[in-house]
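Structure first, commentary second.
The values are calculated or read from the model by the stated rules, or taken from the named source; none is laboratory data. A quick note: this is a predicted structure, and the numbers were derived from the prediction, not measured. With ideal geometry, Cβ positions are generated from the backbone for all residues, glycine too; neighbour counts draw on all protein chains shown.
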Amino acid sequence: MITFEGAAKLYPDGTVAVDDLNLTVETGQTTVFVGPSGSGKTTSLRMVNRMVEPTRGTVLIDGEDVRRRDPAALRRSIGYVIQQAGLFPHRTVRDNIATVPLLLGWGRARARARATELMELVGLEPSQARRYPHQLSGGQQQRVGVARALAADPPVLLMDEPFSAVDPVVRAGLQDELLRLQQELRKTIVFVTHDIDEAVRLGDRIAVFRPGGRLAQYDSPERLLAEPCDAFVESFVGYDRGVRRLSFFPARELSLREDVVFEDATGADRAAEALRGENEPWALVVSADRLPLGWAAAAQLDRAPAGTALGALDLAPYGHTFDVATDSLRAALDAAVLSPAGRAVGVDTDGRVVGVVSQEDLGTALWSVTT
Ligand SMILES: Nc1ncnc2c1ncn2[C@@H]1O[C@H](COP(=O)(O)OP(=O)(O)O)[C@@H](O)[C@H]1O
Ligand SMILES: [Mg+2]
């Protein structure tokens, strides 16, 4: 647990970088500091490992004032990852990762063995061990940075905009990896970003900073999106927060229709009759092994010559599907909005159709879960 007690940083030029920060970072959780540039996130983060000394107040780790710790020893006991990874350019990947174990006197063989282990953990190929940082992509360099921070297995990890310099696709991959690692390692992570989407994705708790180094709100991502405490936080989290909040509700609870799903060998006339009985405008056509093929409109079925099988019709694309077991309501809504039929196709982990849900039914479900 990391505790900020009235921590403040005033620079001699009069800049208030951090103003009276009171906040507790829970052990084993990811806490994100988010806010616009210059709002005091980096300064607050660096108070934890004494790269910045507060001018007022205290920072404690597990109840102990960090000022009572030797700064060098403290820093070796805390992982630190920054933008552009901050790797040593003249050391190989393996030696970069082994830095802290070597400083701690583990000996070369053990430190290198640990480096190899970590490369695998963060998804680097063993063949990259002897490369130099400039021979890696930005995303790979960040992985090395994360591996180096984890090398001595520190309980606390400080990450300052670690993924801000890589392109959005690589960035999403790195975020996924961090979520996976954290499932396994349960470190106490403080993660700084200016990107609210990244904060919502990674944080168990989010601290929103406002200009002037003031803490504006400290909450779970879900509560932050549901109830921003003031106009600043509301505009910072973005006006589409309602839709974004749906990512916290599982699609599992939706009731899907199966009676409008037909195999491709079924006669168009039979499907037409079933839709008429239900007053439904669209039939989803699937293969014999339940993979989605496309949508047939009721009017199209009515026009089909007698004896036509559904598979012979010109079907509208089924769009993208959502996984009923693992996806959120946001994914289901997105699939429905993008579907030509205004209906989302729910599938199991093998991609086989479980059922469909219309925008209308989704609307009802959204209303009941979010109110
Ligand atoms: N060494 C310094 N001297 C004077 N002002 C500083 C110093 N370091 C940071 N600041 C100022 O403190 C404020 C907070 O900076 P910082 O913590 O880096 O913000 P953030 O990480 O949220 O972008 C900014 O206005 C910045 O210019
Ligand atoms: Mg910063």
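Numerical summary
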quantity: Scan of the range 298-338 for residues that are among the aliphatic types (A, V, I, L, M) and more than 28 Å from Leu246 (Cβ to Cβ), ordered by number; calculated: Ala298, Ala299, Leu301, Ala304, Ala306, Ala309, Leu310, Ala312, Leu313, Leu315
quantity: Residue in the range 14-37 that is near ligand 1 (Cβ under 8 Å from one of its atoms), in contact with a Pro (Cβ under 7 Å, 6 or more places away or on another chain), in the same structural domain as Val66 (by TED's automatic domain parsing) and more than 25 Å from Pro154 (Cβ to Cβ) present; calculated: yes
quantity: The range 194-222 residues that are in contact (Cβ under 8 Å) with a residue 24 or more places away in the chain, paired with ones that are among the basic types (Lys, Arg) and part of a strand (DSSP E or B) (beta carbon under 7 Å, 6 or more apart); calculated: Ala216/Arg210; Tyr218/Arg205
quantity: Residue list for the range 47-86, filter: buried (at least 21 other Cβ atoms within 10 Å of the Cβ) and within 30 Å of the chain's Cα centre (by Cα); calculated: Met47, Val48, Asn49, Val59, Ile61, Ile78, Gly79, Tyr80, Val81, Ala85
quantity: Verdict on Asp334 being surrounded by 15 or more Cβ atoms within 10 Å (Cβ to Cβ), at pLDDT below 95 and assigned by TED's automatic domain parsing to the domain that holds Asp361; calculated: yes
quantity: Selection within the range 62-112 - within 28 Å of Val166 (Cβ to Cβ) and of a type in the set (Val, Ile, Thr); calculated: Ile78, Val81, Ile82, Thr92, Val93, Ile97, Thr99, Val100
quantity: Breaking point among (1) within 13 Å of ligand 2 (Cβ to nearest atom); (2) at pLDDT 95 or above, for Gly38; calculated: (2)
quantity: Residue within the range 157-165 that is in contact (Cβ under 8 Å) with a residue 60 or more places away in the chain, more than 16 Å from ligand 1 (Cβ to nearest atom) and crowded, with 18+ Cβ neighbours inside 10 Å present; calculated: yes
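One line per residue, one yes/no per condition, for (1) without any contact (Cβ under 8 Å) to a residue 24 or more places away in the chain; (2) in contact with a Lys or Arg (Cβ under 8 Å, 6 or more places away or on another chain):
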{"site": "Glu64", "(1), (2)": "yes, no"}
{"site": "Arg67", "(1), (2)": "yes, yes"}
{"site": "Ala72", "(1), (2)": "yes, no"}
{"site": "Ile78", "(1), (2)": "no, no"}
{"site": "Pro89", "(1), (2)": "no, no"}
{"site": "Thr92", "(1), (2)": "no, yes"}
{"site": "Ala98", "(1), (2)": "no, yes"}
{"site": "Leu104", "(1), (2)": "no, yes"}
{"site": "Ala109", "(1), (2)": "yes, no"}
